[in-house]
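These notes concern the structure reproduced below.
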Amino acid sequence: MDEYRIEDHPDLRDAGWAREAVRRAEREARVRRLRSLPRRPPRRFWVGLAIAVAAVLLAWAVIASESGTPAGPSARPFDPDEPFAGTSAAAWADGVAGVVAPEAVRVGAYSAEQV
């Protein structure tokens, strides 16, 4: 019986087959390497996390509103007789007294009396 050597196999002598075999081996190695990397969480994880965060925020808002804490920036309820109470506008004068024209000064060719 003739001794058989692997180097004499006809497929190994075919350049096209050898190129395809190398490509296939590289592709399989790449797939193996990618599969060994840590995977990111699936989309359903992020959707679930977003729903959980929204539920916590909603629960916090409901609890805060039921505990009597104010929803707005001021702690007092709205008083229609004093709508600006607690704001910087509360110190302003009401009505016509609140409109103050500046003192007239000379502007260009016009005197203060003309202005």
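Annotations
Conditions (1) under 57 Å from the mean Cα position of the chain (by Cα); (2) acidic (Asp, Glu), marked per residue:
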residue: ASP8; (1), (2): no, yes
residue: ARG13; (1), (2): no, no
residue: GLY16; (1), (2): yes, no
residue: ARG24; (1), (2): yes, no
residue: LEU34; (1), (2): yes, no
residue: PRO42; (1), (2): yes, no
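- Test: residue in segment 11-34 that is out of contact with any His (no Cβ under 9 Å at 6 or more places or on another chain), modelled with pLDDT under 95, exposed (fewer than 10 other Cβ atoms within 10 Å of the Cβ) and not in a helix (DSSP H, G or I): no
- Tabulated pairs, segment 94-111, first more than 30 Å from ASP81 (Cα to Cα), second β-branched (Val, Ile, Thr) and in a helix (DSSP H, G or I), C-beta under 6 angstrom, 6+ apart or interchain: none
The values are calculated or read from the model by the stated rules, or taken from the named source; none is laboratory data. Source: prediction; values computed, not measured. Cβ sites come from the backbone with ideal geometry, for glycine too, and all protein chains shown count toward neighbours.
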